[in-house]
Amino acid sequence: MIPAFGFNQVRSTPLRLTFLLLTIFAMAALACLAVAFEVTRTSIDAALAAELQQTINEYRGIQDSDDLRERLAEAAAKTDPDIRILFYVPDQGTAVSNVASFPPVSGVTIVSDNSIRAKSGSVSDSYLALSARVGAGHLIVAQSREQVEEMGEIFLAVLFIGLLPALVIAGLAGLWVAKGARIKIDAIQHTLLELKSGTLSARIEGVEGRSDDLSGIGQEVNRMARAQEALVASIRQVSSDIAHDLKTPIQRVAVVLEQVMNKTTLTEGQEVLLSRAIGETERIVQTFQSLLQLAQIEGGAVRDRLHPVNLVEVSRDVVDFLEVEAEERGFALSLRVQPNVVACIKGDRHLLSQLIGNLVQNALTHVPKGGPVVVEVTGRGNETVLTVSDHGPGIPEKERGKVLQRLYRLDQSRTTEGNGLGLSLVSAISDLHGARLTLEDNMPGLTVRVTFPAMQPV
Ligand SMILES: Nc1ncnc2c1ncn2[C@@H]1O[C@H](COP(=O)(O)OP(=O)(O)OP(=O)(O)O)[C@@H](O)[C@H]1O
Ligand SMILES: [Mg+2]
């Protein structure tokens with residue numbers, strides 16, 4: 001089967017190399033044929049010229065002019081002008097010839113115009129003619145170059161029957177090889193894009209154990225991806241180990257600080273400092289809690305806990321819970337539901353509440369002036385879409401990938417509470433549910449869109 005090539009493949013390096021090689025091959029083959037043709041033609045013409053010279057010499061050997069005329073007339077009568085022409089024009093008297101007319105020539109000349117007129121019958125298309133003075137007149141002997149013409153036809157046949165099919169076969173084989181290379185290059189590009197977008201488990205298939213150069217590059221990319229994945233895993237492991245080991249002692253510190261606060265008589269200044277210390281320890285515990293939860297979700301252990309959940313119900317619970325707090329802080333939090341939406345998805349109710357809660361909390365924290373915050377559930381084909389939108393400062397496009405990373409916060413949020421783990425959790429929860437997470441411009445503000453695969457309600 002011949003591979004199909006799309007327009008975008010015109011720029012592919014293997015395809016270009018194939019066309020370049022084919023062009024070089026075709027030009028080389030044509031040049032070889034042309035040289036071979038020219039060499040053969042020259043040698044045939046040289047042989048013909050020698051033959052003509054010999055004939056002229058034979059007639060030159062006849063001294064008597066009457067005898068010469070007689071011999072020439074006899075030869076002209078016997079010679080087929082289609083093969084050979086004799087044309088003798090004596091200084092006096094009538095011409096002796098087997099054709100009606102022949103153009104004037106000097107020395108050895110190729111005559112291939114149609115100025116030769118036959119007495120009867122036909123003449124050839126091309127002749128090699130030699131003119132010389134013989135006796136008391138001029139003799140032209142011309143030999144048909146039909147052999148040369150035939151050879152030209154043979155060369156053309158070689159070109160069409162031999163070279164063109166060879167070119168077509170080589171071209172198809174080249175396209176086939178180029179297609180194979182293109183598939184590998186596409187696989188490498190695709191995997192690199194996946195790795196770039198954070199899917200560290202992406203690997204190039206079908207390159208291991210092969211020795212060609214592209215497979216070699218593929219193996220190196222895979223090796224690099226494995227090393228990267230192991231590195232990230234070990235960093236995550238270290239961060240969750242630290243969180244795990246430090247969480248309990250910090251919690252104990254918090255308890256001791258509470259006891260100092262409750263059981264000791266303190267000055268007002270000491271009390272302020274102590275409650276700040278308690279607040280900081282709570283933040284540290286919260287950070288460790290979130291890091292541990294992230295490690296747990298990303299580890300996939302929660303995957304078995306997914307059951308059919310109604311996303312509208314979960315959204316309503318979160319909105320009801322946060323409505324009062326939102327109102328107190330100057331926000332109008334509302335829920336919009338598309339009529340007849342298929343709101344059932346396969347998920348974990350607790351984690352979904354946390355996802356929606358984190359997004360609403362972000363709006364309440366990072367939008368300084370209050371305003372509307374809308375949680376919306378819509379449906380599209382077999383997808384259920386949750387969006388949380390506000391009219392705050394939004395997130396610049398180039399920062400949208402980074403805010404999903406652990407502990408990353410925009411400069412504008414340095415003074416607000418939080419530790420940059422809320423969106424990392426949203427991203428991990430959305431991945432766990434097989435959903436697509438996008439941050440968009442709400443013009444003005446931020447829209448966070450989470451697209452879940454929908455489920456028919458059970
Ligand atoms: N609705 C929003 N409007 C503007 N900026 C936002 C919004 N949501 C998030 N951001 C920006 O993205 C950063 C990361 O958000 P994320 O929720 O991960 O962390 P956080 O809110 O700062 O802290 P945490 O959620 O851990 O308490 C925020 O610090 C803020 O700069
Ligand atoms: Mg947050």
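Nothing in this text is a laboratory measurement; each read-out follows from the coordinates by a stated rule. Keep in mind that this is a model prediction, so the values were computed, not measured. We place every Cβ from the backbone using ideal geometry, glycine too, and count neighbours over all the protein chains shown.
Over 19 Å apart: what share of the alpha carbon pairs of the range 93-228 falls there, rounded to a whole percent?
The calculated P(r) of the range 93-228 puts 71 percent of pairs beyond 19 Å.
In degrees between 0 and 90, to the nearest 10, how far off the longest principal axis of the chain does helix 13-60 point, with axes built from Cα atoms?
0
Please tell me which of these pairs span more than 21 angstrom C-alpha to C-alpha: Lys196/Lys398; Lys78/Lys119; Lys196/Lys247?
Beyond 21 Å: Lys196/Lys247.
With unit charges on the beta carbons (Lys and Arg positive, Asp and Glu negative) and the dipole taken about the Cα centre of the chain, which residue among Thr13, Ser315, Val337 sits farthest to the positive side?
With unit charges placed on the Cβ atoms, the residue in question is Ser315.
Counting other Cβ atoms within 10 Å of each Cβ, which GluC sites (Glu not before Pro) in the range 381-458 have at most 12 and sit in a DSSP loop?
Of the GluC sites (Glu not before Pro), the ones in loops of the range 381-458 whose Cβ has at most 12 other Cβ atoms within 10 Å are Glu417.
Using packing as a proxy for protection, rank 81-92, 257-268 so that the peptide with the highest average count of other Cβ atoms within 10 Å comes first.
81-92, 257-268
Cα axis of helix 349-366 to longest principal axis of the chain: angle in degrees, 0 to 90, nearest 10?
90
Amide H to amide H, which residues 5 or more places from Val99 or on other chains are under 5 Å from it, using H placed in the peptide plane?
Leu86
Translational diffusion coefficient, Stokes-Einstein: compute it for the range 22-96 using the Kirkwood radius over C-alpha pairs as Rh, at 4 °C and 1.567 mPa s, and state it as an integer in µm² s⁻¹.
Estimated via Stokes-Einstein, D reaches 83 µm²/s.
Taking each pair of distinct Cα atoms in the chain once, what is the resulting Kirkwood hydrodynamic radius in Å?
31.8
Quick one: Karplus J couplings for the range 253-263, per residue in order, coefficients 6.51, -1.76, 1.60, θ = phi - 60°, nearest Hz, x for Gly and Pro?
4, 4, 4, 4, 4, 4, 4, 4, 4, 7, 9
Hey, could you get me the Stokes-Einstein D for the range 272-396, Kirkwood radius over alpha-carbon pairs, 20 °C and 1.002 mPa s, rounded to whole µm² s⁻¹?
131
Would you work out the Kirkwood radius for the range 333-458? I mean one over the mean of 1/r across all pairs of different Cα atoms, in Å.
14.9
How large is the Kirkwood hydrodynamic radius of the range 158-204, in angstrom, based on all distinct alpha carbon pairs?
13.0
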